Amino acid sequence: MVGSGRRYVLAFVAADPAVRNPTSAIRILIVAAYPIARAGLAALLGSSADMTVAGQSAGGADWAAVVEATAPDVILLDHTPGDEEALERLERI
């Protein structure tokens with residue numbers, strides 16, 4: 001079941017105003033295991049004028065590479081309790 005025991009974690013990658021152009025849309029990377037969750041979040045976030053979905057990933061070891069490729073301002077991470085490796089990877093970013 002989607003959402004059962006799952007939590008979403010937000011990470012602000014480019015929090016420094018000198019790094020991010022304040023007049024541009026906030027670039028969000030969605031990392032979620034389920035395609036329907038990614039699609040729903042992308043539709044919701046993409047409908048806002050001040051946000052854009054920079055990329056999506058199913059998670060696993062590849063999402064750190066997606067961060068490098070998309071340079072998001074914010075990472076929205078679908079986190080399953082017990083998956084501490086994902087949080088450690090997030091801390092390194």
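The values are calculated or read from the model by the stated rules, or taken from the named source; none is laboratory data. Only a predicted model underlies this, so the values are computations on that prediction, with no experimental measurement involved. Note: ideal-geometry Cβ built from the backbone for every residue, glycine included; neighbour counts use all protein chains shown. Ligands, DNA and RNA are stripped out before the accessible areas are found, and what is left, the full protein with its side chains, is counted by its heavy atoms. Shrake-Rupley method; radii C 1.70, N 1.55, O 1.52, S 1.80 Å.
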| task | Using packing as a proxy for protection, rank 57-69, 24-36 so that the peptide with the highest average count of other Cβ atoms within 10 Å comes first. | result | 24-36, 57-69
| task | State, to one decimal in nm, how far the label point of Ala69 lies from the label point of Ser48, with both points 7 Å from Cα in the Cβ direction. | result | 2.5
| request: Using a 1.4 angstrom probe, figure out how much accessible area segment 25-64 has per residue, in square angstrom, rounded to the nearest whole. | output: 48
| message | Per residue of segment 47-61, what does 6.51 cos²θ - 1.76 cosθ + 1.60 with θ = phi - 60° give for ³J(HN,Hα)? Whole Hz please, x for Gly and Pro, Karplus curve as stated. | response | 7, 8, 5, 9, 9, 9, 7, 6, x, 9, 8, 7, x, x, 6
